[in-house]
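Below you'll find the structure, written out as C-alpha cells, and then a few comments.
The values are calculated or read from the model by the stated rules, or taken from the named source; none is laboratory data. Note that this is a predicted model, so its numbers are computed, not measured. Neighbour counts run over all protein chains shown; Cβ positions are idealised from the backbone, glycine included. To get the accessible areas, we keep the full protein, side chains included, count just its heavy atoms, and leave off ligands, DNA and RNA. Shrake-Rupley method; radii C 1.70, N 1.55, O 1.52, S 1.80 Å.
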Amino acid sequence: MKKAKVAPVQIRALIPENSFNEENNTVEVVFATETPVKRYDWNEGCYFNEVLEISKDAINFERLNRGLSVLDSHQSYGLENILGVVESAWIDENTKEAKAIIRLSSTEKDADIISKIKQGIIRHMSVGYKVDQYTVSKNGKEIPEYRATQWTPNE
C-alpha cells in the first residue's frame with residue numbers, strides 16, 4: 001500500500017428526518033460515513049473511491065468539539081455566513097456514522113434557512129474536511145480506494 005495526499009474536499013452529509021430539537025434550536029446530523037465517493041486525483045491523473053474512515057483514531061475531533069462553525073455553502077470569508085455551531089460530535093459505533101449536534105442561529109437573517117431545516121426541506125449538508133493521510137489500495141479493483149485514515153473536519 002502506498003500513501004497519497006490530495007486537496008481538501010467536501011462530502012455530502014445527512015440531516016435525519018425529525019432530528020430538529022425546537023427547545024434547544026439544535027439538529028442532529030450525520031456528517032460522515034464510510035460510503036465510498038468517487039473522486040479524481042489530479043496528481044496521479046486517475047479516479048479513485050474515497051472512504052473516510054470512521055474511527056476515533058482517524059477523525060480529529062478537536063475543532064468539532066471546540067465549537068466548529070457551521071457555514072452556508074462553504075462561504076468562509078466573513079462572519080455573515082455562519083449558520084450555527086457544533087455543540088458536540090461523536091461516532092455512532094452501531095452504524096459507523098460520525099454525528100454531531102448543531103445549534104442553529106436564531107437571527108432574522110437566517111430564519112428562512114433554519115425554517116427549511118425544521119421542515120425537512122433542507123436534508124443534506126456538505127462537510128469541508130482536510131485529509132492528513134490516505135492509505136491507497138487497489139485490492140484487485142479497477143479504481144483504487146483511497147482510505148482517509150487521518151482527517152479533520154474544517155467546517
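Of note:
- Qualifying residue in region 131-144 (condition: assigned to a strand (DSSP E or B) and charged (D, E, K, R)): yes
- Filter result for Ala58 (modelled with pLDDT of 90 or more, within 18 Å of Ser69 (Cα to Cα) and either open to solvent by 20 Å² or more (accessible area, probe 1.4 Å) or not acidic (Asp, Glu) (or both)): no
- Within region 3-34, the residues that satisfy the criterion of being within 18 Å of Arg147 (Cα to Cα) and modelled with pLDDT of 80 or more are Phe31, Ala32, Thr33, Glu34.
- Checked against (1) at pLDDT below 80; (2) farther than 30 Å from Ser106 by Cα; (3) β-branched (Val, Ile, Thr), Val37 meets all criteria but (1).
- Filter result for the condition that a residue is out of contact with any helix residue (DSSP H, G or I) (no Cβ under 9 Å at 6 or more places or on another chain), under 19 Å from Thr152 (Cβ atoms) and of a type in the set (Val, Ile, Thr), over Thr33, Thr26: Thr33
- Any hit, region 87-105, residues being modelled with pLDDT of 90 or more, over 18 Å from the mean Cα position of the chain (by Cα) and open to solvent by 20 Å² or more (accessible area, probe 1.4 Å): yes
- If you go through region 20-37 and pick out every residue that is open to solvent by 30 Å² or more (accessible area, probe 1.4 Å) and within 13 Å of the chain's Cα centre (by Cα), you end up with 5.
- Here region 124-154 is the region considered, the condition is being crowded, with 16+ Cβ neighbours inside 10 Å and aliphatic (A, V, I, L, M), and the residue that is modelled with the lowest pLDDT is Met125.
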